[in-house]
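First up is the structure itself, then whatever we jot down about it.
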């Protein structure tokens with residue numbers, strides 16, 4: 001039987017020390033392919049320091065950097081990233097790139113060009129325009145969003161990246177950036 005430390009009402013330092021001890025005793029393998037950019041939130045991780053409600057991340061404001069990858073002491077490699085995880089990772093990597101009408105990357109994007117390119121990176125081809133994406137993809141309830149879902153509102157789309165956030169290419173003069181998912185009316189999944 002493997003000893004597993006338990007921390008009750010302990011500090012984060014105690015929890016970190018207990019986790020480190022468990023890693024040193026059992027050895028670990030990464031939960032995901034480390035060659036794929038981080039998809040924070042995909043494994044239950046959350047950003048710390050998000051702004052108060054109603055104060056979204058915008059131009060020139062960066063959300064916190066995701067923490068390190070999650071490790072599991074199983075000795076077995078974790079699952080491969082899903083197409084949605086890869087699409088979300090692509091969208092995160094595009095943050096800061098300029099907007100350009102009709103752009104599908106890699107240097108600049110419009111809103112539907114970003115969703116199109118993200119899903120291409122995820123291994124699936126989707127329609128190119130926001131209207132066609134809404135008309136041809138499967139609508140999903142906002143309560144069951146997954147990484148990579150395409151968030152839609154009239155005339156605009158973005159990629160859901162977890163924890164209530166979307167990455168989108170807003171308009172001329174504004175780069176690809178984060179926006180709260182509450183700004184969107186519907187969600188679609190390839």
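Read the figures in this text as sums done on the coordinates, not as results from a lab. Note that the structure is a prediction, hence the values are computed from the model and not measured. Positions of Cβ are generated from backbone atoms using ideal geometry, with glycine treated the same way; all protein chains shown enter the neighbour counts.
Worth a mention:
- Overall form of the stretch 91-130 per C-alpha gyration tensor (a/c, 1.5; a/b vs b/c): oblate
- Computed lengthening from residue 163 to residue 100, 0.36 nm per intervening residue step minus Cα-Cα distance: 20.0 nm
- Contour excess over end-to-end distance, with Cα ends at residue 174 and residue 124 and 0.36 nm allotted per residue: 15.3 nm
- Spacing of the two label points (7 Å from each Cα toward its C-beta) at residue 136 and residue 186, in nm: 1.6
- Three-way shape call for the stretch 83-189 based on the alpha-carbon gyration tensor, with the a/c threshold at 1.5: rounded
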